[in-house]
Amino acid sequence: MEQLKGIKVLLIDDEPTILQFLSLGLTNEGFDIKAAQDGIEGINIAKEFNPHIAIVDIMLPGMDGFEVCRLLKKMGNIAVIMLTAKDQVNDRVKGLTIGADDYMVKPFSFEELLARIQARIRNQFPNLLDEVSIGPFKIDDRRKEIKYLNHILDLSPTEYALLKFLVINHGLVLSKSTILDRVWGYDFGGEENIVEVYIRSLREKLQDHSRTVIRTLRGVGYRIDIS
């Protein structure tokens, strides 16, 4: 996992077994790990450690996870994933309202947590990854190159930006207006039909004649599904 080296993750949880389990697993994946058993200690570590990702339990002694999240977000661009043993909508809404980027309910699988961490890295720190592998796609941002099924696609700069946006947000339905804003820019004055033109071109280059790679949800938008 060479590409994950240098990515710093702060773990804040008052359960030693969980800290040990996550520390060992994430260290083996190549992350740089620091851990704390309460919120105050976690904030003090964060000031020196400057983590990219913080995994924060809500039920902490001294300072709860909501306050920890709020303080971490004031420090800068830190992605916060909140953990809780309570599957309650109010907790999730409160956490997301104060700036949490994701939310997981205990117990959870390590594989799911790892996938969510990688999603946060792709969205908030894409420059940390020279090459990101997502299903059959490999995105090399340094070379502005995308491989599909290990074959390099011949893409224009706009095609590269569009396919990258679709792949990174796989599983989400992306409307034409959203795509225009994020790929062409908010000040783009052209027609939404240009999205259809570029989607058609990408399908040709992906040999997606059955439209199973880039799916069209009629009247809604486009989605890439990656199992």
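The values are calculated or read from the model by the stated rules, or taken from the named source; none is laboratory data. Remember, it's a predicted structure, so these values are computed and weren't measured experimentally. All Cβ positions, glycine included, derive from the backbone under ideal geometry; neighbour counts span all protein chains shown. Note: areas computed on protein heavy atoms with side chains; ligands, DNA, RNA excluded. Shrake-Rupley method; radii C 1.70, N 1.55, O 1.52, S 1.80 Å.
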Discussion item. Take M59 and tell me if it is open to solvent by 40 Å² or more (accessible area, probe 1.4 Å) and either touching a residue at least 60 places away in the same chain (Cβ under 8 Å) or under 20 Å from the mean Cα position of the chain (by Cα) (or both).
Written reply: no
Practice prompt. Could you give me the residue pairs with C-beta distances under 8 Å whose first residue belongs to segment 134-146 and is within 15 Å of T158 (Cβ to Cβ), whose second residue is basic (K, R) wherever it lies, and which are 6+ apart or on separate chains?
Written response: I146/K138; I146/K164
Worksheet item: Quick one: which of R116, R203, R182 is without any contact (Cβ under 8 Å) to a residue 60 or more places away in the chain and loosely packed, with under 15 Cβ neighbours inside 10 Å?
Response: R182
Worksheet item: Would you call Q20 modelled with pLDDT of 90 or more and among the polar types (S, T, N, Q)?
Response: yes
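Yes/no per residue for (1) at positive phi; (2) in contact with a strand residue (DSSP E or B) (Cβ under 9 Å, 6 or more places away or on another chain):
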{"position": "N169", "(1), (2)": "no, yes"}
{"position": "L180", "(1), (2)": "no, no"}
{"position": "G185", "(1), (2)": "yes, no"}
{"position": "Y198", "(1), (2)": "no, no"}
{"position": "S201", "(1), (2)": "no, no"}
{"position": "K205", "(1), (2)": "no, yes"}
{"position": "R215", "(1), (2)": "no, yes"}
Practice prompt. Quick one: I7 ticks every box in (1) open to solvent by less than 10 Å² (accessible area, probe 1.4 Å); (2) within 24 Å of V132 (Cβ to Cβ); (3) touching a strand residue (DSSP E or B) at 6+ places or on another chain (Cβ under 6 Å) except a single one, so which number is it?
Written response: (3)
Worksheet item: Identify, please: which residue in segment 1-17 is modelled with pLDDT of 95 or more and hydrophobic (A, V, I, L, M, F, W, C) and is, among those, farthest from D57 (Cα to Cα)?
Response: V9
Worksheet entry | For D187: the one exception among (1) outside any helix (DSSP H, G or I); (2) modelled with pLDDT of 85 or more; (3) not aromatic (F, W, Y) | (2)
Fill in: Residue within segment 163-176 that is open to solvent by 60 Å² or more (accessible area, probe 1.4 Å) and over 22 Å from the mean Cα position of the chain (by Cα) present
no
Discussion item. Go through (1) in contact with an Asp or Glu (Cβ under 9 Å, 6 or more places away or on another chain); (2) open to solvent by 20 Å² or more (accessible area, probe 1.4 Å); (3) farther than 19 Å from V213 by Cβ for L155 and report which single condition fails.
Written reply: (3)
Worksheet entry | segment 76-107, subset open to solvent by 80 Å² or more (accessible area, probe 1.4 Å) and modelled with pLDDT of 80 or more, residue farthest from the chain's Cα centre (by Cα) | P107
Discussion item. Just to verify a result, which residue in segment 25-47, among those that are out of contact with any strand residue (DSSP E or B) (no Cβ under 9 Å at 6 or more places or on another chain) and in a helix (DSSP H, G or I), is least open to solvent (accessible area, probe 1.4 Å)?
Written reply: G25
